[in-house]
Amino acid sequence: MRILAIIPAYNEQDCLEQTIRSLESMCPSIDYLIVNDGSTDDTKQICERNHFSHVNLPVNSGLSVGFQTGMKYADRHGYDAAVQFDADGQHLPEYIIPMGNALEEQQADIVIASRTLAGEAPAGARGAGSKIISALIRLTSGVRLTDPTSGMRMYSRRMIGEFAKGYDLTPEPDTVALLARKGCKVIEVPARMQERQGGESYFDFTHVIAYMSRVCFSILLFQWFR
Amino acid sequence: MSPTLRALCVIGSAVTFWLIIRRVKKASVRIDDCIFWIVFSFTLLVIAIFPDIPAFLARLFGFIATSNFVFLVVITMLLMREFTNTLKISKLNSRLDELIEEQALQAKENEQDEH
């Protein structure tokens with residue numbers, strides 16, 4: 001089974017190298033692609049200096065575009081599965097192979113690495129947001145997800161095609177809800193995660209509001225027309 | 001329609017016309033995108049010069065005052081424009097994303113061919 005780890009990176013000079021080194025040593029059988037999303041720091045230079053597999057988006061375009069670029073690459077190079085993997089060191093590479101096994105054994109379309117199943121539910125405002133999204137997904141698609149906001153998700157061959165050619169498919173929980181309702185099999189496996197190891201998050205206050213309103217409206221309203 | 005409103009319509013029409021023509025001269029707007037503003041400017045002018053037309057239509061649709069009808073016409077025109085603009089921007093964004101993705105992947109392919 002050929003797996004591609006898609007690693008969107010926007011200004012991740014502080015932790016990218018460490019993330020890739022641990023990915024390479026833990027999972028030598030897995031290919032990866034860093035999608036440098038128009039970074040203004042040394043992300044690009046780090047990729048070039050270390051000969052990391054990467055593409056450079058000419059301008060900063062956001063997570064969705066970065067991720068779709070990775071999915072197009074996976075589609076054109078015939079990968080069997082692709083996993084969304086954070087550049088900041090939050091995601092641990094040792095869970096990639098178990099996710100791939102779960103995908104294959106259970107014939108799933110999407111495998112989510114769940115912190116909750118590993119006994120580490122996100123707390124505070126993040127936890128509350130996560131619970132609201134869980135409830136909305138359960139309400140609308142009947143699928144029970146314990147950690148919908150987990151950014152570590154693996155997608156099957158079929159899903160790679162969907163994302164590569166699809167319109168407005170974000171790598172976010174609302175898309176998972178949409179695909180689940182359309183009959184895709186979504187499962188979760190327990191996984192621990194780390195605190196981000198450096199750099200800054202995409203998520204400041206305005207992004208959180210934009211994220212929550214998009215996800216909630218999308219799940220409650222727009223998915224019925226897509 | 002009061003003389004004041006008629007005068008304001010003429011001024012609005014003239015200002016709109018002047019602004020858009022100035023942009024055409026500066027080559028900072030495409031002709032296709034001007035059509036709406038020229039029609040808008042012309043509509044205001046017609047309303048100001050022939051107030052009997054909006055007055056007739058206002059009575060026909062049961063408006064108490066002609067001015068209310070004129071406001072509604074202007075608001076409707078602008079809302080329709082705003083809606084089509086949203087569609088257009090959305091389409092442009094998708095196309096731009098598509099180009100960015102293709103450019104990035106293409107650059108990688110080219111680089112690999114060179115090695």
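None of the figures in this text is laboratory data; all of them are computed from the coordinates on show. None of the values given here were measured: they were computed from a predicted structure. Neighbour counts run over all protein chains shown; Cβ positions are idealised from the backbone, glycine included.
With a Cα-only, solvent-free Debye model of segment B:3-114, what are the log10 I(q)/I(0) values at q = 0.14, 0.19, 0.21 Å⁻¹? Each listed q maps to, in turn, -0.73, -1.03, -1.13. Take each peptide in A:48-58, B:39-49, count the other Cβ atoms within 10 Å of every residue, and average; sorted highest first, the result is B:39-49, A:48-58.
Would you list which aspartates and glutamates come within 19 Å of A:Lys182, measuring only between C-alpha atoms, while excluding same-chain residues fewer than 8 positions from it? Cα-Cα hits under 19 Å: A:Asp109, A:Glu162, A:Asp168, A:Glu172, A:Asp174. Pairs exceeding 21 Å between alpha-carbon atoms, taken from A:Lys165/A:Lys185; B:Lys25/B:Lys88; B:Lys88/B:Lys108: B:Lys25/B:Lys88; B:Lys88/B:Lys108. Remark: A:Val215, A:Val143, A:Val83 ranked as A:Val143, A:Val215, A:Val83, counting other beta-carbon atoms within 10 Å and listing the fewest first.
Report the FRET efficiency, 1/(1 + (r/R0)^6), for A:Trp224 and A:Ile132, where r is their Cβ-Cβ distance and R0 is 22 Å, rounded to 0.05. Plugging the Cβ-Cβ distance into 1/(1 + (r/R0)^6) gives 0.70.
Helix B:66-114 versus the longest principal axis of chain B: what is the Cα-based angle in degrees, 0 to 90, to the nearest 10? It is inclined by approximately 10 degrees. Straight-line reach from A:Lys44: taking Cα to Cα under 13 Å and skipping same-chain neighbours fewer than 8 places apart, the aspartates and glutamates in range are A:Glu12, A:Asp14, A:Glu17. Could you tell me whether chain A comes out rounded, prolate or oblate from its Cα gyration tensor? Rule is a ≥ b ≥ c as square roots of the eigenvalues, rounded for a/c under 1.5, then prolate if a/b exceeds b/c, otherwise oblate. Judged from the Cα gyration tensor, chain A comes out rounded (a/c under 1.5). Quick check: the angle from helix B:3-25's long axis to the longest principal axis of chain B, C-alpha only, nearest 10 degrees? Tilt relative to chain B: about 20 degrees. In chain A, helices alone account for a calculated mean residue ellipticity at 222 nm of -13000 deg cm²/dmol, with every DSSP H run of four or more residues adding -39,500 (n - 2.57).
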